[in-house]
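Here the structure is laid out as structure tokens; the discussion comes afterwards.
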Amino acid sequence: MKLFRLLFFVGLFFILQPLFAQAPKVLPAFSFDEVYQAGRFSSDKLPKAGYIVLDFYDPGCGHCQKMGAGIAQNLPRFKNVHFYFISMNDKPYVDGFINMHAKPLRNAPNVKFLFDPGTQFIEKFNPTNYPSLYVYDAKTKTLLQHLDGEDDVKKLLKSVNGID
């Protein structure tokens, strides 16, 4: 009976955790591997002006693919926005994601692809769904909007440009 009660409460905790997990209001420090350049990219290299969009995605996720394609198609409309696509998948999966859904992102000067080989992003940002997008003001590093599981690029455009 004690085991059943323990299992019940542990299960309940994991089911309800997304309801209590919140995106960090202030951008936490981080360091991830760069996918297309040697070395690491850390939060101290982030821009000081405009917007920072962290996109935690899985290359095989349909919603992530749709959002990536939407960002790629609307890249000129994202003025003063710096994108950081963060995945826990290796480079071949990232290559496939880009080649199939978001080719304009590969060489865009305001886009970086980062690799989290562990669970750092999950521990610091508390995502509950893919994709999980975090829009921060670059100057103050404060959270402006968190879009969790969203695939409509119009909502992202609205959060950084006020565009419908």
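The values are calculated or read from the model by the stated rules, or taken from the named source; none is laboratory data. Please read these numbers as outputs of a predicted model, since none were measured by experiment. All Cβ positions, glycine included, derive from the backbone under ideal geometry; neighbour counts span all protein chains shown. Note: accessible area is taken over every heavy atom of the protein model, side chains too, but ligands, DNA and RNA are not part of it. Shrake-Rupley method; radii C 1.70, N 1.55, O 1.52, S 1.80 Å.
Laid out as a table, the results:
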item: Residue in the range 62-81 that is surrounded by fewer than 16 Cβ atoms within 10 Å (Cβ to Cβ), farther than 23 Å from Lys25 by Cβ, at pLDDT 95 or above and more than 16 Å from the chain's Cα centre (by Cα) present; result: yes
item: Residues located in the range 25-42, provided they are in a loop (DSSP other than H, G, I, E, B), in contact (Cβ under 8 Å) with a residue 60 or more places away in the chain and surrounded by fewer than 16 Cβ atoms within 10 Å (Cβ to Cβ); result: Lys25, Pro28, Tyr36
item: Filter pass, Lys45 being loosely packed, with under 13 Cβ neighbours inside 10 Å, at pLDDT below 95, over 14 Å from the mean Cα position of the chain (by Cα) and among the charged types (D, E, K, R); result: no
item: Scope the range 59-78; condition more than 13 Å from Leu105 (Cα to Cα) and touching a strand residue (DSSP E or B) at 6+ places or on another chain (Cβ under 9 Å); matching residues; result: Pro59, Cys64
item: Search result, residues across the range 133-157 that are open to solvent by less than 10 Å² (accessible area, probe 1.4 Å) and out of contact with any Gly (no Cβ under 6 Å at 6 or more places or on another chain); result: Leu133, Tyr134, Val135, Tyr136, Leu156, Leu157
item: Complete set of residues in the range 83-105 that are open to solvent by less than 50 Å² (accessible area, probe 1.4 Å) and over 12 Å from the mean Cα position of the chain (by Cα); result: Asn89, Val94, Asp95, Gly96, Phe97, Ile98, Ala102, Leu105
item: Filter pass, Pro47 being under 21 Å from Phe125 (Cα atoms) and either assigned to a helix (DSSP H, G or I) or touching a residue at least 12 places away in the same chain (Cβ under 8 Å) (or both); result: yes
item: Of all residues in the range 107-128 being under 21 Å from Ala72 (Cβ atoms) and not aliphatic (A, V, I, L, M), the one that is least open to solvent (accessible area, probe 1.4 Å); result: Phe113
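For (1) free of Cβ contacts under 8 Å to residues at least 24 places away in the same chain; (2) closer than 19 Å to Leu46 by Cα; (3) not hydrophobic (A, V, I, L, M, F, W, C), each residue gets a yes or a no:
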{"position": "Ala72", "(1), (2), (3)": "no, no, no"}
{"position": "Asn89", "(1), (2), (3)": "no, no, yes"}
{"position": "Pro109", "(1), (2), (3)": "yes, yes, yes"}
{"position": "Pro117", "(1), (2), (3)": "no, no, yes"}
{"position": "Pro131", "(1), (2), (3)": "no, no, yes"}
{"position": "Lys139", "(1), (2), (3)": "no, yes, yes"}
